[in-house]
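Throughout, read-outs are computed from the coordinates displayed, never taken from laboratory work. Bear in mind the structure is a predicted one, so any value in this text is a computation, not a measurement. Glycine gets a Cβ as well: all are built from the backbone with ideal geometry, and neighbour counts include every protein chain shown.
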Amino acid sequence: MKKSSRSYLILSLMALVMMTSRCDCSRASTSSGRCEGFIGNLAVSDEIDPESFYAINYLNNEDILSVSFGQRKVVMSAVVARSSVLSGGVELNLPSEVAPGGTPGGTDGGTGGADGGTGGTGGFIPAPSPEIKHWDLVTQGLRPKLRTGTLERVVTFVENRLSTTLKLFFEDGTSLVCEFQVRHDEENDRGTDPSGGGGCLGDTGSGGDSDFD
C-alpha cells in the first residue's frame, strides 16, 4: 500500500472514531438525584430509582418525565412544553389541588418542611403555568393535597440529561424538595427529531421563545 493511501485510511478511521465518541459521550445511561422532606406523615429521604427517565414528544414539542424515588415510594409524571438549554432559572407553577384561597396563612404553611422546620407557601396560590400539560403525584398511602409547587429544569449538554429542581408544598404544611438529573430514553420518544437527531446537540430543541419551546 502506498504511503499516501495508508495515511488517508488512518485519517479516515480517526475521524470515524472521533465522531462516534462525540455522540457516545453526550448520552447518559443512568439518572441521579434524591428527594428530601415530608408528604404528610411520609418521611422522604430517598435516591432516584434507576428506571427514571425523560423522553421527547416531537409531535407536540413536549418533554415527558417519568420519575420515582425510594423504590416507588414517591412517583411523579409530567408532560411539559419542551425545555431548551437556555431555560435554566425559570420556575413553572404546578397545578394546585387546593381550592382558590386554600388554607388561610401568613408567611409559612406550617411545620414539617424539607429541612424539618417550617415550610413556607403563604395564602396565595399562583395560577399553574401553561407549559405544564400534565402533572401527577402518587405516594405510598394517602397524602395531603398539593397546595403549591414549582418545577425548574434545563437540558444539559453534558450527557444530554434533564436537570430538574422540584419543590412541593402541601395543604398540611409539609413539603418536599427534589433535585435530580434524568437520562434521555430515546426508546420512549414519540415521533422523530425534525433536526435529524444526530450528534451531541441533536436533542436540545429549538425555541419559539427564550424559555420554552
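What is the dipole size for region 143-186, taken about its Cα centre, with +1 at each Lys and Arg Cβ and -1 at each Asp and Glu Cβ, in debye to the nearest 20?
Details: 7 positive and 7 negative charges, 34 e Å.
Approximately 160 debye in magnitude.
Assuming R0 = 35 Å, can you tell me the calculated FRET efficiency for the pair K145 and T30, based on Cβ-Cβ distance, to the nearest 0.05? Show your work: numbers first, answer last.
Values: r = 33 Å, r/R0 = 0.94.
Rounded to the nearest 0.05, the efficiency is 0.60.
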Given charges at Cβ of Lys, Arg, Asp, Glu: region 143-186 dipole, positive-most of L162, L151, T174: T174
